[in-house]
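Colleague: My structure is below; once you've seen it, I'll send some questions.
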Amino acid sequence: MKIVNLGQGGPSGSRPTARPTAAGAAAAVSASVPVAPDRITQVITAIPPHEITEKVRETISALIHEVDSLRRQLEQKDARIQELEKLADTDPLLPVANRRAFVRELDRAMSYTERYSVPASLLFFDMDRLKQINDTYGHAAGDKALLHMAELLKRNVRVSDVVGRLGGDELAIILTHADEAQARIKADGLARTLRETPLVLDDETIMLSASVGVYTFRPGQTPEEMLQRADEAMYQQKTVTRAGEVV
């Protein structure tokens, strides 16, 4: 570091040469290094002033650049990992959880309800006449019908509820803090919303409906057992609907 003579006049009238202070060294480094002045100051203040040489400044600057670069890379990798995890949990066709992710969330919800003795229910949806839609309008229309239903369900449940696709035309919802009576009211409301909100494709209006099974959480069951019971409840309703010639 360059030493500055602060004295006036000749040698006999000179003042002692001023030693650099930590603050002065930090300011000098901050002025010469275009990265993170506050961080450089923190590093410099921990170094004895007489050791702050040009070489030290260059080394600190290089290290800070490297640390900043590594931190950015780590943040990018973390963001990428989160994106991949989200993709791994999302159905490839619909903006809802896939079966694997849904079963995992169902297991968590079951553990929560057992631990805190709060009610929760499972709704099991099966779209009516999807094969007929595929045969009449094409499979692209069938996919849009499923997307339409999934988006309606997501818009009409709470953030704490989980919507997932179990496969084919089957979707399910985990309703937290909902006993059987509340779950049935919600199921009826969602089914009615679907019937009253047809899918419009170009000049075609396609009426949609779904059969819904309701099953309230029971202690000691596995997620797959819970899904099976809800599936059975859905088929019972579908049978009743067909008997009434509604489907």
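The values are calculated or read from the model by the stated rules, or taken from the named source; none is laboratory data. These numbers come from a predicted model, not from an experiment. Every residue, glycine among them, receives a Cβ derived from its backbone with ideal geometry; neighbour counts consider all protein chains shown.
Colleague: Which of the residues that make up segment 107-122 are crowded, with 19+ Cβ neighbours inside 10 Å and touching an Asp or Glu at 6+ places or on another chain (Cβ under 9 Å)?
Modeller: Correct list: Ala120, Ser121.
Colleague: Report whether or not Thr222 is in contact with a Ser or Thr (Cβ under 6 Å, 6 or more places away or on another chain) and β-branched (Val, Ile, Thr).
Modeller: no
Colleague: Among residues belonging to segment 113-148 that are among the aromatic types (Phe, Trp, Tyr) and in contact (Cβ under 8 Å) with a residue 24 or more places away in the chain, point out the one that is nearest to Pro219 (Cα to Cα).
Modeller: Out of the qualifying residues, it is Phe124.
Colleague: Let me ask you something else. Only one of (1) assigned to a helix (DSSP H, G or I); (2) charged (D, E, K, R); (3) in contact with a strand residue (DSSP E or B) (Cβ under 8 Å, 6 or more places away or on another chain); (4) within 30 Å of Glu225 (Cβ to Cβ) is not met by Asp126, so which one is it?
Modeller: Every condition holds for Asp126 apart from (1).
Colleague: Condition test on Gln182, is it surrounded by fewer than 18 Cβ atoms within 10 Å (Cβ to Cβ), at pLDDT below 95 and in contact with a strand residue (DSSP E or B) (Cβ under 9 Å, 6 or more places away or on another chain)?
Modeller: For Gln182, the condition - surrounded by fewer than 18 Cβ atoms within 10 Å (Cβ to Cβ), at pLDDT below 95 and in contact with a strand residue (DSSP E or B) (Cβ under 9 Å, 6 or more places away or on another chain) - is not met.
Colleague: Can you find even one residue in segment 207-222 that is of a type in the set (Gly, Ala, Ser) and at pLDDT below 95?
Modeller: Looking for residues that are of a type in the set (Gly, Ala, Ser) and at pLDDT below 95, one finds at least one in segment 207-222, hence yes.
Colleague: Same structure again: Specify the residue that is surrounded by the most Cβ atoms within 10 Å (Cβ to Cβ); the eligible residues are those in segment 155-172 that are in a loop (DSSP other than H, G, I, E, B) and without any contact (Cβ under 8 Å) to a residue 40 or more places away in the chain.
Modeller: Asp161
Colleague: Another one. Kindly provide the set of residues from segment 131-173 that are touching a strand residue (DSSP E or B) at 6+ places or on another chain (Cβ under 6 Å) and among the charged types (D, E, K, R), ordered by number.
Modeller: Listed by number, the residues that qualify are Lys154, Asp161, Arg165, Asp169, Glu170.
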